[in-house]
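The values are calculated or read from the model by the stated rules, or taken from the named source; none is laboratory data. Because the structure is a prediction, the values reported are computed rather than measured. Every residue, glycine as well, gets a Cβ built from its backbone with ideal geometry; the counts of neighbours run over all protein chains shown.
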Amino acid sequence: MDEGRSVFGRLAQRTLQTCVRGIVQAIVAVAGVPLFIASLISLLSLAAGIGILLAPKSLLAVRGLARGQRRWAREWSRVSIAAPYRPRPVELTNGLIGRLQRCKWLLTDPATWRDLLWLLVNLPAGVVLGLLPAFLVVAGTWTLVADGGTLLFGWWNTAPPGFWGQVFFLSMLPLGVLLGPRLLKAHAQAAASLLAPTREAMAAQVGQLAESRSQAVDASAAELRRIERDLHDGAQARLVSLGMNIGFAEQVLRDNPDLALSLLAEARTSSGQALVELRTLVRGIHPPVLAERGLDGAVRALALSLPLPVDLHIDLAGRASAPVESALYFAIAEALANVIKHSGANRAWVQLEYDSGRLVAIVGDNGTGGAAPGPGGGLRGVERRLAAFDGVIAVTSPVGGPTLVTMELPCELSLART
Amino acid sequence: MRVVLGEDLTLLRDGLIRLLTAYDMDVVAAVDNGPGLLRALVTHRPDVAVVDVRLPPSFTDEGLKAAIEARAQVPGLPVLVLSQHVEPLYARELLSSGRGGLGYLLKDRVSDVRRFIEAVRTVAGGGTAMDPDVISQLLARHARDEVLGRLTPREREVLALMAEGCTNAGIATRLVVTEKAVNKHISNIFTKLGLYPADDGNRRVLAVLTYLNA
C-alpha cells in the first residue's frame, strides 16, 4: 500500500508542478503584451531618433523572454529550441555609431521579428494552454470533494448538472492529470515553431561553419608548412653539418689533429644549437608548460618570459579542452607579442576568466594605441584560428591608447586537475 | 676538379666548401638561389655540380629544376643532387635525360666523408650515385614487375649496389664475394633484362636505372 501511496503522491506532485508551470506560462504570456507594445513604440520612435536608444533595450528584453521560453521548453517538456540569433558584431563601441550598429544588428535579424510575432501568438496560446491543466484539475477536484460542479457552474446554469453532468465534471480530474504535461508540451512546440531557427537561418549557419572550417584548414596547413620549414632549415641542417664535421674530423684526425679538434668543437656547438632549435620549435607547436599546467600556468610562464611587466588576473576553475587551450594561448601570445613590437607600452596586463560558458581573455597595454590589424597580420591568423572554435576577437585601440584585445571562446571547463 | 655548389644554408655551404677544398677540389662558385645556380652552371660548366634540391626564392624544388635545366642546356653536365629527403619521383626526373653523370643523395651521406667524396668523383666521371634509399624504394615498387621478378635476390642486391655507384670491386667487398662472382651476376642481370653488356660499368648502371624508371 505504501508503494501505491507513493505512486499517488508522485502523480499528485507532478500534476501540481504541471499546473504551476502552466500558470507561469500564462502569466508570462500576459506579461508579453506590455513588452510587445513597448517594442512597437520604440520601433515607431526610431523615426524620431530616440528609438536608437530605446529599440535595442526593448528588443533585447524580448530576447530575454524568448530565451526563458526556450529554456522552459527544454527543461519542462524536453523540446529543445536552438537560439536563432545572428552573432553580435564584435567591434561594438559605446558611441552613436555603436548604437546604430546595434540597432542594425537587431533589426536586420529575422529572429527579432519572429520573437515579436511570438509575443502576439503567445497571448492566446500561453493563456489557454497554460491555464487549461489547472482548470481541469481544479474543476475535477472540486466536483469530487464538494459537488463543486454545481457551485462552479451554477452561475450560468441554474439547473443542477444531474448525474451525467457530474460524471462530466468529475472526468476533468483524470483528464487534467493525464493531459497536463501534453498541453505544456504543445505550448513548447508552438513556441518552437516561431522561436527556433528558420531553414534559411540554418542554411546561413551551415555556410558560416563551412567558411570557418576552411579557414581553419588553411591556417593549420600554413602552420604545418612553417613547422616543416623550420625543421628543414634548422635542426635537420644542424644535424647534417654535425655529421659532416665529425666525419671530416675522423678523416683528418691523424694528419691534422688541430683541424680535427676544431671540427669537433664546431660539431658540439652544432648539436647544442640543434637542440635549442628543436626546443623552440616544440614550444611553437605546443608549449610543454601548456601541456603540463594548462592555460593558467602557460600564460604565467609566458608573462615571465616577456621583457615588460605583465599583470595577470587569471580566474579559471578548470581546464578547457587541449585545442581550445592551445588556440587561446597562441592568441594571447600573439597579442602580447604585438604589445612588445608595436605599442611602445611599458606595462601590459592579461585578464583570463571563465564566465557563463565562455572563456574570455583580455590583453591590454598602456601604449600609444592606434593599432589597426591589417590583412595578413598576426591577429588575422588568430581570428581564423579562434573562428574554428566559434571564438571571436575584437581590438579597440584609440589613438593615444590604451589598446585592448578581447578574445572570447565558447567552451566547457573540466574540473581542475590538481 | 672544378665544382659549382648550390646550397642556401650558410652553415652547410661553408662546411661543404671546406670539405671539398680539403679533397683538392676547386669550388669555383657557391650560390644560394635557383636562378643564380642555373647561371653559374651554364657559365662555369664545372666538372661537377653539388646542388641542394630546395633553394630560394621559392623554397620548393628550385635546385632540382635548375640542375635539370642546366643539363638540358649543357648535355651530360655532371650533377650531384643533395636533399634532406629523397623522392623516387625526383630521381626519375633527373634520369629522364638518359645520360650519366648523375647523383642523388641524402644530405646525411655527407657524414661518411670518404664515400661522399667518392660519390662526387664518380658523378664527375660520368657515373651514377643513387642513394640506397632511392634504390630500395624503386626496387620495392618494381618488386612485382615481371621482368625484375626474374632476378634472384642476390642479383637484385648487385643491381642495387650498381645503382648506388659501386664498382664491381666495391660490390664484391660489400657482399663479401669474389669479383668474379660479381661479374657473373652482372652478366646474368643484363641477360635477364635484355641489355647488351658494355665496357663502361656506369653506363650499364644508368641503363638499369633508366629501365627501372620506365
Filtering the stretch A:58-70 down to residues that are surrounded by 13 or more Cβ atoms within 10 Å (Cβ to Cβ) and either free of Cβ contacts under 8 Å to residues at least 24 places away in the same chain or charged (D, E, K, R) (or both) yields A:SER58, A:ARG63, A:ARG67, A:ARG70
Restricting attention to the stretch A:286-320, which residues are part of a loop (DSSP other than H, G, I, E, B) and over 23 Å from the mean Cα position of the chain (by Cα)?
A:HIS286, A:PRO287, A:SER305, A:LEU306, A:PRO307, A:LEU308, A:PRO309
Subset of the stretch A:241-290 that is within 9 Å of chain B (Cβ to nearest Cβ) and acidic (Asp, Glu) - its residue that is surrounded by the most Cβ atoms within 10 Å (Cβ to Cβ):
A:GLU266
Flag for A:VAL79 being surrounded by 12 or more Cβ atoms within 10 Å (Cβ to Cβ), modelled with pLDDT of 80 or more and assigned to a loop (DSSP other than H, G, I, E, B):
yes
Single unsatisfied condition, B:GLY127 versus (1) buried (at least 19 other Cβ atoms within 10 Å of the Cβ); (2) within 14 Å of chain A (Cβ to nearest Cβ); (3) within 13 Å of the chain's Cα centre (by Cα):
(2)
Does the stretch B:152-207 hold any residues that are farther than 21 Å from B:LEU80 by Cα, β-branched (Val, Ile, Thr) and at pLDDT below 85, and which are they?
B:ILE189, B:THR191
Odd one out for A:ALA203, checked against (1) under 23 Å from the mean Cα position of the chain (by Cα); (2) within 14 Å of chain B (Cβ to nearest Cβ)
(2)
Residues of the stretch A:327-385 being of a type in the set (Asp, Glu) and within 21 Å of A:LEU308 (Cα to Cα), in sequence order, are A:GLU334, A:ASP365
Residue in the stretch A:381-402 that is part of a loop (DSSP other than H, G, I, E, B) and in contact with a Cys (Cβ under 8 Å, 6 or more places away or on another chain) present:
yes
Counting only strands (runs of 3 or more DSSP E) wholly inside the stretch B:1-100, the ones holding at least 2 residues that are within 14 Å of another protein chain (Cβ to nearest Cβ) are B:48-52, B:79-83
Given the criterion in contact with a Leu (Cβ under 8 Å, 6 or more places away or on another chain), away from every other protein chain (no Cβ under 14 Å) and surrounded by fewer than 18 Cβ atoms within 10 Å (Cβ to Cβ), identify the matching residue among B:GLU157, B:GLU179.
B:GLU157
Got a sec? Which of A:THR112, A:THR143 is more than 20 Å from A:ILE27 (Cα to Cα), modelled with pLDDT of 85 or more and crowded, with 18+ Cβ neighbours inside 10 Å?
A:THR112
Single match in B:ALA49, B:ALA67 (criterion: modelled with pLDDT of 95 or more and either within 14 Å of the chain's Cα centre (by Cα) or surrounded by fewer than 22 Cβ atoms within 10 Å (Cβ to Cβ) (or both)):
B:ALA49
Specify which of the listed residues (B:VAL120, B:VAL113) is over 15 Å from the mean Cα position of the chain (by Cα), more than 15 Å from B:LEU38 (Cα to Cα) and modelled with pLDDT of 90 or more.
B:VAL113
Do we find a residue being closer than 23 Å to B:ASP24 by Cβ and either assigned to a helix (DSSP H, G or I) or hydroxyl-bearing (Ser, Thr, Tyr) (or both) anywhere in the stretch A:266-276?
yes
Output for the stretch A:321-345, where each listed residue is under 21 Å from A:CYS411 (Cβ atoms) and part of a loop (DSSP other than H, G, I, E, B)
A:SER321
Note on B:ARG121: of the conditions (1) surrounded by fewer than 20 Cβ atoms within 10 Å (Cβ to Cβ); (2) within 14 Å of chain A (Cβ to nearest Cβ), unmet is (2)
Tell me the residue from A:ARG225, A:ARG213, A:ARG238 that is more than 30 Å from A:SER77 (Cβ to Cβ), surrounded by fewer than 18 Cβ atoms within 10 Å (Cβ to Cβ), within 14 Å of chain B (Cβ to nearest Cβ) and among the charged types (D, E, K, R), please.
A:ARG225
Mind telling me which of the residues A:GLY318, A:GLY378 ends up being under 29 Å from A:SER414 (Cα atoms) and surrounded by fewer than 19 Cβ atoms within 10 Å (Cβ to Cβ)?
A:GLY318
Among the residues of the stretch A:314-331, is there at least one that is modelled with pLDDT under 90 and touching a Pro at 6+ places or on another chain (Cβ under 8 Å)?
no
